[in-house]
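Computed from the coordinates by the stated procedures, all read-outs in this text should not be read as laboratory data. Bear in mind that the values here come from a model prediction, so they are computed numbers and not experimental data. Cβ coordinates were reconstructed from backbone atoms using ideal geometry, including for glycine residues, and neighbour counts include every protein chain displayed.
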Amino acid sequence: MVDIPEHLLLRSAEARAKALGITVEQALAEMKGESAPTVVDDEPEVIEVDLPTPVEAEAPAPVETPKVEEAPVKAEAPAPAKAATPAPPKADTPEEVDFAPEVKVTQRLLTVVKAKPIQKAASEPVDKVNTWPHLMLPEFISLMAMMAFLIILSAILQAPLLEEANPNITPNPAKAPWYFLGLQEALSYWDPQIAGVMIPLVIGLIGFAAIPYIDRNKENNPSKRKYAIMMYTFFLAGAGTLTIIGVLFRGPGWNWTYPWIDGIWFDDLLDWIYFE
Amino acid sequence: MAKLTLKERFKKVSAGSGDGARASKFATSIFRPGSPFRKGYSDSPRNRSYVVMNNVLYHLHPVKVKRHGVRLSYTLCLGGMSFFLFIVLTITGIWLMFYFRPTEMAYADIQALQTSVAFGSLVRNMHRWGAHLMVLVVFLHMSRVFYHGAYKAPREFNWVIGVILLFLTLFLSFTGYLLPWDQLAIWAVTVGGNMASYTPVFGAQIKFGLFAGLEATTATLLRFYVLHVLFFPFIIVIFMAIHFWRVRKDGGISGPL
């Protein structure tokens, strides 16, 4: 058996003695297994107190050293009283009705606390998986795929290198890098201060950066943010169309050309097309 | 001791019972106490955590991620691809710097690189196509984030950082465009510089500052070179660090939809 420190044993014996109305020595002996444990039924105890006869009110005293075989007898005796007790006093002497008997009351109601946690959880628990291997493995594979794609692309397609730079010979047309060609195309329609500065700076930089502060809709379900998606798709289509026109459909003098008739007037693409 | 087959050796080492090199002072000075490189790896939830925790990758990835975020169809790995392409471009770019002078010799250097340097042409191609690819992938990443509504609270500011990163990527690509010093480069940059000169009030000054003169010369080449290999990479690395840090601080991957 586990060795329980003496002071702890004593403390629990005191508690037990107080609860059962027996002496501490008795409780201690019971806990050490030296005498039979005291068996007490809660029911008869409370009922006994309620009994109108003063003689019976002394009942707690004999409880002190009940034997195991005594318990059922004691429990049986007050049983009929239980049914009878509450009714008669109520009928003739209502002031004697003791709803809260003073004996053996070990608790009372202080307040009613609502059933909610003291600390509020910041977020709902989410379904998570280990980064290794569930994220890092796909990452590694896609990284390798990208590397393979880039090496194969670089082995097949030669990057363009035209004649040496010469400020005195202006090519016609002179085209910007492909990601600026949509802008260059827009420049041919509108005033350069609008197309060349307002669009990239105001719409491009400031407008895009401000998107989360303009769009205050909290939903991220596509069906609940149709307007935002429509606007972005509109921008995407516009920018894409302008870029494709700028790359493929603009020839000398920035005139309209068809790539399948007049060829491609974009040197960055030349070697893609004519590479042997 | 009986001679072990390769398979047995591997089993022994991967079970962590190997001694020798991995238990040496040198190895233990490199790998942290919980590292699988030090104590072997057998598959268990605990070891799965240790792989990330005892690794520099812990700066990028948490130990656990949301299950839906792992699906390739959610992120398409575009952000990771942008970062990976940046690393590839840095490595190939440093390699190219060995063979390149941003002077009137630039064009000859590129020709020499393509004709007389081992793998010179391949590495130059990788750098160029990788750069175009990075512009594309960064843009697609932005579109993916928009369509998922991933810029919404609490990720508003990280979107702003992302827009700055997109523009820095464009500047990096644009400044690199001039460096081959051929007709394509000089006239594309001239067109781009002319667009900048339409800026109200400061237009002429911006163009002058960008070109180091009134038109694209070798002075412009040097300026673009420094911007391309030092200035913009320096700036973009800072913003990338903030971007990655915010991804985790804002609660990891967004969603699910």
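Values as computed for the structure displayed
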{"item": "Cα-Cα separations in segment B:74-249 greater than 27 Å, expressed as whole percent", "result": "34"}
{"item": "Exposed-loop-free span, longest in chain B, where chymotrypsin sites (Phe, Trp or Tyr not before Pro) count as exposed if DSSP calls them loop and at most 13 other C-beta atoms lie within 10 Å", "result": "B:1-97"}
{"item": "Listed residue (B:F171, B:V226, B:G34) projecting farthest to the positive dipole end of chain B, Cβ model", "result": "B:G34"}
{"item": "Pairwise centroid distance, computed over Cα atoms, of segment B:184-257 with segment B:59-118, Å", "result": "17"}
{"item": "In segment A:143-211, chymotrypsin sites (Phe, Trp or Tyr not before Pro) in a DSSP loop with at most 14 other beta-carbon atoms within 10 Å", "result": "A:Y189, A:W190"}
{"item": "Cβ neighbours within 10 Å from other chains - mean over B:44-50", "result": "2"}
{"item": "Order of B:I238, B:I161, A:I261 under a 10 Å beta carbon neighbour criterion, fewest first", "result": "A:I261, B:I238, B:I161"}
{"item": "Sorted by Cβ density within 10 Å, fewest first, the residues A:E164, A:E6, A:E219, A:E185", "result": "A:E6, A:E219, A:E164, A:E185"}
{"item": "Other protein chain Cβ atoms within 10 Å, averaged over every residue that makes up B:151-164", "result": "4"}
{"item": "Taking A:S154, B:S49 and counting other C-beta atoms within 10 Å, the order from fewest to most", "result": "B:S49, A:S154"}
{"item": "Neighbourhood net charge (15 Å Cβ-Cβ; Lys/Arg +1, Asp/Glu -1) for A:P173", "result": "-2"}
{"item": "Calculated log₁₀ intensity ratio I(q)/I(0) where the Debye formula runs over C-alpha points of segment A:138-276, q = 0.11 Å⁻¹", "result": "-0.65"}
{"item": "Around A:W256: net Lys/Arg minus Asp/Glu count, Cβ-Cβ under 12 Å", "result": "-1"}
{"item": "Trypsin sites (Lys or Arg not before Pro) lying in DSSP loop within segment A:202-276, provided at most 12 other Cβ fall within 10 Å", "result": "A:R216, A:K218"}
